[in-house]
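Asker: I have a structure I would like to understand better, so I am pasting it below and will then ask my questions one at a time.
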Amino acid sequence: MTADTANFTVAIDGPAAAGKGTIARALAARYGFVHLDTGLLYRATGVKALAAVGEDFSDGDAAYAARSLTPRDLEARGLRTRAAGEAASRVAAIPAVRDALLDFQRSFARRSGGAILDGRDIGTVICPDAEAKLYVTADDATRAGRRHAELTANGEQVSFDDVAADLARRDARDAARDQAPMKAADDALLLDTTDLSIDAAIAKAVALIDERRAR
């Protein structure tokens, strides 16, 4: 099996700031796979709902935003902000939003040449038959530190404690939602990046992909 001929799918899940996006991008570059950060779909949906209605957007407003999402929306400014992350977690708990984005994600996953998707429910719901699955995590303090550094580097003024509280709230909401809760697939490799360098984490992921592609 080779990356230029196979429909090879890599599903990467895990909580925010665990390193799954960094790992996904590195793997995509290494193997020549296309990459989809599915969280960006929910961030774009949340930002679109906020822009149209404001903080009090309804489930229907969010569902409409998801159904009308365009590639241009995925390039909007502010998708990596703290507010966008909170809005993404809100809209991701709405079944109609998840339904609206499901087909797009599944179609992307089976693109010829291989694909990598990262998110919260890729290995369990979007791509349960993915050839390789990872669940990337790290302890709460490490994740909060990483996200705080990212936000402050982008010019946001926010305390470490506020970031930690945001992540805890998002984790609880993502894990408790009725539809597609955040959890590791039974056959996913658990990759804890708390004490790993970026290179070491990527190396572990590469070992899994190489093993699965050799089957």
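Asker: Can you tell me which residue is farthest from the chain's Cα centre (by Cα) among those in segment 24-57 that are over 20 Å from ARG82 (Cα atoms) and part of a loop (DSSP other than H, G, I, E, B)? Can you show your working first?
Answerer: Applying the first criterion (over 20 Å from ARG82 (Cα atoms)) to segment 24-57 yields 24-36.
Applying the additional criterion that residues be part of a loop (DSSP other than H, G, I, E, B) yields 32-33.
Details: GLY32: 19, PHE33: 16 Å.
Applying the filter and picking the extreme gives GLY32.
Asker: From the residues in segment 161-201 that are touching a residue at least 24 places away in the same chain (Cβ under 8 Å) and over 18 Å from ASP139 (Cα atoms), which one is surrounded by the fewest Cβ atoms within 10 Å (Cβ to Cβ)?
Answerer: ASP178
Asker: Further question: For the subset of segment 1-17 comprising residues that are within 18 Å of ALA180 (Cβ to Cβ) and not acidic (Asp, Glu), which member is modelled with the lowest pLDDT?
Answerer: My answer is ALA16.
Asker: Taking the stated definitions as given, is ALA141 surrounded by 14 or more Cβ atoms within 10 Å (Cβ to Cβ), modelled with pLDDT of 95 or more and not polar (S, T, N, Q)?
Answerer: So ALA141 does not fit the description; no.
Asker: Could you tell me how many of the residues in segment 154-198 are over 18 Å from the mean Cα position of the chain (by Cα), over 20 Å from ALA88 (Cβ atoms) and among the aliphatic types (A, V, I, L, M)?
Answerer: 1
Asker: Consider segment 65-98. How many of its residues are free of Cβ contacts under 8 Å to residues at least 40 places away in the same chain and of a type in the set (Gly, Ala, Ser)?
Answerer: Result for segment 65-98: 7.
Asker: Counting only residues that are without any contact (Cβ under 8 Å) to a residue 40 or more places away in the chain and assigned to a helix (DSSP H, G or I), how many does segment 105-157 have?
Answerer: Going through segment 105-157 one residue at a time, the tally reaches 9.
The values are calculated or read from the model by the stated rules, or taken from the named source; none is laboratory data. What you are looking at is a predicted structure, and each value in this text was computed from that prediction instead of being measured. We place every Cβ from the backbone using ideal geometry, glycine too, and count neighbours over all the protein chains shown.
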